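**Q** The structure follows.
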Amino acid sequence: MIPALVALPAMAGALAFLLPWVAARRALLPAAALAHAGLTAAAWRSRPAPALGGWLALDAPGLVFLTIASALFAAAALYAPGYLRREGTGSRRDFEEGAFFADAPERVFIGCLLLFLAAMTLVTVSQHMGLLWVAVEGTTLASAPLIYFHRHHRSLEATWKYLLLCSVGIALALLGTFFLAVAVSRPEGGDTPLVLADLVEAARAGADPAWLRVAVVFLIVGYGTKTGLAPLHTWLPDAHSESPSLVSALLSGALLNCAFLGILRTLQVASAGGAGGFTAGLLVGFGLASMIVAAGLILGQADYKRLLAYSSIEHMGIVSLGIGLGGAAGFGAMLHAVNHSLAKASMFLVAGNILARFRTKSTAEVRGVLGAMPVSGALWVAGFLALTGMPPFGPFLSEMLILKGAFDAGRPWVAAGYAALLALVFIGMSAVVLRMAQPGEDGAQEGFLREEASTVLPSLALMGIVLLLGLFVPAALGETLQAAARAVGHAP
Amino acid sequence: MTTLADLLLIVVILVDLFALASSRLGALIRIVALQGLALGLLPLIAHHEQLTWRTAALAGGSLALKGAVFPWLLLRATRQDSVRRELTPFVGYTASLLAGVAIVGAAFVMGSRLPLPFPAVSDLLVPVALSTTIIGQFLIVSRRKAATQVLGYLVLENGIFVFGLTLSVRMPALVEMGVLLDVFIGVFVMGLAVRHIQQEFDSIDASQLTHLRDLP
Amino acid sequence: MIAPAAVFLLGLALAPLTGGLIVRVKSLAAGRTGPPILQPYFDLARLWRKGTVRSTSTSWVFASGSVITAAATAAALALVPAGGVRAPLAFAGDAVLLVGLLALGRFAMVLSAMDTGSSFEGMGASRETAFSALAEPVLMLVVASVARASGGLSLSEMLGPGLPAAWGLHGASLALAAAALFVILLAENARIPVDDPATHLELTMIHEVMLLDHSGPDLALMEYASALKLWIFGALLAGLAVPVRTGWEALDLAAFLAGTAAAAAVVGLVESSMARLQLARVPQLVVGAGALAAFGVVLGVRA
């Protein structure tokens, strides 16, 4: 079944490039997404067997991230046909600068979206570190054309930065993978294992500490670049704000998690090899740095899509911090990954609606969202509450768990800094979001327009799940999250 | 005793230094292709006792890709660029060269601190890998033209490839093929992007790609 | 047993021949026959017979400049071995004295050029000093590389009987050092691509322009000093690049002489195949040679 999980979107993607009929292509997207979601649901019922000699297997962390990716892709796929219909064909005016630009061919968009899903799935099911690397690089290559959908110079700039910085980062991760292989290799020879289970065993048997540490540094820097941890995050605001909203939703919600999976695997091996504390320290450091950078640049942010992008950096920092602290914070971090992804994707889809309606990305110019688009407006405010950790939404629970974990681990200063940064982000975001939702000072209001179902239903569904998770975590999900936290747990 | 493998690795470093010093785009593309050729020959020399189909395929694949395909892609992508020279890099050529020598020295020092736990085909593998990787990154950071940045990425990948060679007998072929494939697609996509940048901005000066920013 | 003094005298006698050989090679490459190989000797003899004309704006600095230059360069020659044969003066660290004596010669030349008060000479003097400031550290790096490889501390030991073994062990390092030394030879002796010795445009000259006001015996001494400098560098390069140390001194000497002739021929070929570099690019060339030499040192230290 696991090969089917990867092959299904891959073949659908190839098909999208070949099909000449517009309607068929647009229908292919939700069809493939729902089929993929179905397979994922089946994987929850009964864990599928490993494939390819143990190279592909679905363990707890992989299952969590796979589910997130699948759910988000389904939401995006339901949003997409309406979006593509509204985009239409031909050139149009760029509302920021007034120049003309065209869109990329639709088949490239749909095909790359499906290949993107295939690559992300491959990341989540990879148990072989080399294959994991190939898959992560694959996601970079599949998503670059998606960022360059609106073909103007700003998105070209964003695409170029994304491509170059992520490829360089990932290349360093490859070097780290090689260093890891050297760290666990035996002088007398024999095949160096790169399958996770074998690596963990070999590391436990005895790993060269110097090589292991160097490997950990390179792997975290490499995969951290793709995850958007500061100071390696500089590509993120540009890429996530210039791409179409549904692509931003996938990038922020699914891709960052999949890249983080690389870091989780590193932590697994490092803990077995005795460098767990070292790795955890690095993760805590990067997490706090990300939160600081994000908080600094959210205050006074003039572009609401960039605001959401910085919020992604902040939340990945929180996840990294939680995993680094371990214990209860580890479970909190895994829960937070789920909560953040769903909430962020919902917010980006809503941002897409706002952009289509108000035709500007500036936070100063958008006013009265609640009045003009009631459903989207309500979701906008709800999403803000969710992302800043307000009850009754899910992130409140996960962020509190991480705070508790910080105290449990005996690091009150980390906890204090964490809480302070969360407060700062709340202040920054509230000013922007609430002002956008309410009518402007002069009372002028954009006309009320009925919203299409396909533009709000996906966001509504995602936000509903986030609300639900704030009130009650289903047993199956809770167990899997616990298992995931245990798998990457380390002695703090 | 300087073996053939040592000589090839020294060629790799000389190419790095030349890439730091040269401003002509055409010369840069060819010299990086030469580096790729030297690296493609290394697996054949490293395992000449146990030459398998796998090693031969890997060597052949990287020789073809790095020696022929990549230079062709990049030359095509930069064909319309009127000025095929990197005239004003962020770090001048003399400074780049001196930095390169410093990097090579530092890499040798680091290499002596990180001895390989198993015997490899040459002592120079780890220092050459480290210095080529860092020099590749330096090229990306210090050069203006997008095409030169892609060349820096290629040099970076070459450095990592050198390191991969220490393990090629121990790592499955599938992974190495996958790596090669990824690099190929990466360069392909980057070449396309360079072409688009050329068309969009009428030059491939990456310092023009600074529109999106938060801090002025 | 060839006396070291004989080596010294040989150098003194044969130095102008290298210049003639280079010109002959360039002419042959251009399809001409060119002047006789012994032409430099005829030129020196002709200049020596002439009377001296000194500008009224010069002083004793100018008058002594040519003598000091020639003397310093000749003294430097005493430190240079001829392939496997020892130099008359050899002690640990004599490479530093060699560089110092060459610097003294250059200093005297520069001072006498500046003493004339002409702007052309001043321009040539500043260029010469600038490029030498870059070339000297590179020369020291080359010496360091060779010293590390062969284990000796004096030039005669470095280029002595232990050289073939050093090439076997540190071949790459010594090859890089030889390449860097060749570039330094071109730079210090004002050859293409650094300077065109055949140009008559003063604004493009470096070395020639400093000699504009010299005449007669002064000019002869200066030209002879330049020839000696070219012989010294050629001797070092041939000593390094031709590791023939059979122990039979006559054979080693013959190989060395063949090596210097070959070096002169290579310089001639390089001169006829390249154009002169832009002045602003010369530092890049020298730093490039420095990078090669530094890399050679790194390789030598590591092994």
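**Q** With axes computed from alpha carbons, what is the tilt in degrees of helix A:276-298 against the longest principal axis of chain A, rounded to the nearest 10 within 0 to 90?
**A** On a 0 to 90 degree scale, this one is about 20.
**Q** Quick one: give the max-minus-min coordinate of the C-alpha atoms of region A:287-426 along each principal axis, largest first, in Å.
**A** Computed over the Cα atoms, the extents are 49, 25, 17 Å.
**Q** Could you list, bin by bin from short to long, the percent of Cα-Cα pairs of chain C in 20 Å steps?
**A** In whole percents, the pair-distance histogram is 34, 59, 7.
**Q** Around A:A118, under 15 Å between beta carbons, what's the net of Lys plus Arg minus Asp minus Glu among the other residues?
**A** The answer is -2.
**Q** Less than 15 Å Cβ to Cβ from C:G105, Lys/Arg counted +1 and Asp/Glu -1: what total charge do the surrounding residues give?
**A** Residues near C:G105 contribute -3 overall.
**Q** So, one more: So what's the protein assembly as shown giving for Rg/Rh, alpha carbon basis, Kirkwood Rh from the mean inverse pair distance?
**A** Answer for the protein assembly as shown: 1.09.
**Q** For q values of 0.16 Å⁻¹, compute log₁₀ I(q)/I(0) with the Debye formula on a Cα-only model of region C:65-175, without solvent.
**A** Log10 I(q)/I(0), no solvent term: -0.78.
**Q** Just to be sure I understand the model, the point goes 7 Å from the Cα along the line to the Cβ. What's the resulting C:A30 to B:L44 distance in nm?
**A** 4.4 nm
**Q** Averaging sequence separations of C-alpha pairs under 8 Å and six or more residues apart, then dividing by the length of region A:116-270, give the relative contact order as a whole percent.
**A** Reported as a whole number, the value is 30 percent.
**Q** Neighbour counts of other C-beta atoms within 10 Å: give me A:I2, B:I45, A:I313 arranged from fewest to most.
**A** In increasing order of surrounding Cβ atoms, one gets B:I45, A:I2, A:I313.
**Q** Tell me the Kirkwood radius of region B:1-148: reciprocal of the mean inverse pair distance over distinct alpha-carbon atoms, in Å.
**A** About 16.5 Å for region B:1-148.
**Q** Tell me, what is the FRET efficiency for A:Q482 and A:S454 to the nearest 0.05, using R0 = 45 angstrom and their Cβ-Cβ distance as r?
**A** Result of the calculation: an efficiency of 0.80.
**Q** Quick one: which residues, 5+ away or cross-chain, put their amide H under 5 Å from the amide H of B:K145? H built at 1.01 Å from N.
**A** Placed amide hydrogens put B:A206 under 5 Å from B:K145.
**Q** Modelling each spin label as a point 7 Å along the Cα-to-Cβ direction, I'd like the A:A302/B:A102 distance in nm, to one decimal.
**A** 3.6 nm
**Q** Please give the contour-minus-distance gain from B:R79 to B:A64: 0.36 nm per residue of separation, less the Cα-Cα distance, rounded to one decimal in nm.
**A** 3.3 nm
**Q** Sketch the reach of a paramagnetic label on C:V53 as a point 7 Å from Cα along Cα-to-Cβ, and name the residues of region C:199-214 whose backbone nitrogen lies under 15 Å away.
**A** Those under the cut-off are C:212-214.
**Q** Under 5 Å between amide hydrogens, which residues at least 5 positions from A:D303 or on another chain qualify, with H placed 1.01 Å from N in the peptide plane?
**A** A:T363
**Q** Just to be sure I understand the model, the point goes 7 Å from the Cα along the line to the Cβ. What's the resulting A:A475 to A:L434 distance in nm?
**A** It is 4.1 nm.
**Q** Scanning chain C for helices, which whole DSSP H stretches are 27 Å or more long along the axis (Cα) and average -1.0 or more by Kyte-Doolittle?
**A** C:4-29, C:94-115, C:119-150, C:216-241, C:249-273, C:282-302
**Q** Something else now. Take the Cα gyration tensor of region A:284-370, multiply each eigenvalue by 5, square-root it, and list the three semi-axes largest first, rounded to whole angstrom.
**A** 29, 15, 7
**Q** When the dipole is taken about the Cα centre of the protein assembly as shown, and only Lys, Arg (+1) and Asp, Glu (-1) are charged at their Cβ, what size is it in debye, to the nearest 20?
**A** 1100 debye
**Q** Right, here's the next one. Taking amide hydrogens as modeled 1.01 Å from N in the peptide plane, which residues meet the under 5 Å criterion relative to B:R85, leaving out close sequence neighbours?
**A** B:L25
**Q** Taking every pair of alpha-carbon atoms in region C:128-252, what share in percent sits in each 10 Å bin, from 0 to the bin with the longest distance?
**A** Result, from short to long distances: 12, 37, 28, 17, 6, 0 percent.
**Q** Multiplying the sequence separation of C:W60 and C:S126 by 0.36 nm and subtracting their Cα-Cα distance, what value in nm do you get?
**A** That pair, C:W60 and C:S126, stretches by 21.7 nm at full extension.
**Q** In addition: Taking each residue of B:112-120 in turn, how many C-beta atoms of other protein chains fall within 10 Å of its C-beta, and what is the average?
**A** Per residue, the number of nearby Cβ atoms from other chains is 4 on average.
**Q** For B:V91 and C:F42, FRET efficiency with R0 = 51 Å and r from the beta-carbon atoms, rounded to 0.05?
**A** 0.50
**Q** Also, quick follow-up: In whole percent, what relative contact order does chain A give with Cα contacts below 8 Å and a gap of six or more residues?
**A** 16 percent
**Q** Quick check for you: which residues of region A:16-60 have the amide N under 18 Å from the point 7 Å beyond the Cα of B:F188 toward its beta carbon?
**A** A:16-19
**Q** Once the Cα atoms of helix A:328-358 and of chain A are each reduced to a long axis, what angle between those two axes, in degrees from 0 to 90 to the nearest 10, is obtained?
**A** 20 degrees
**Q** Using only alpha carbon pairs under 8 Å that are at least six residues apart, calculate the relative contact order of region A:387-439 and give it in whole percent.
**A** Value for region A:387-439: 27 percent.
**Q** Oh, and also: Taking the Cα atoms only, what angle lies between the long axis of helix A:412-437 and the longest principal axis of chain A, rounded to 10 degrees?
**A** In chain A, helix A:412-437 runs at an angle near 20 degrees to the longest axis.
**Q** If you don't mind, another one. For region A:298-359 and region A:176-255, what is the centre-to-centre distance using only Cα atoms, to the nearest Å?
**A** 22 Å
**Q** State to the nearest 20 debye the size of the charge dipole of chain C about its Cα centre, where the only charges are +1 on K and R beta carbons and -1 on D and E beta carbons.
**A** Dipole magnitude for chain C comes out near 420 debye.
**Q** Considering the zone a paramagnetic label at A:A42 would reach in this model (a point 7 Å from Cα along the Cα-to-Cβ line), which residues of region A:1-27 have amide N under 11 Å from it?
**A** Only A:1-5 fall inside the zone, counting backbone N under 11 Å.
Since every read-out is calculated from the coordinates, none of them should be taken as a lab result. A quick note: this is a predicted structure, and the numbers were derived from the prediction, not measured. Ideal geometry is used to build each Cβ from the backbone, glycine not excepted, and the neighbour counts take in all protein chains shown.
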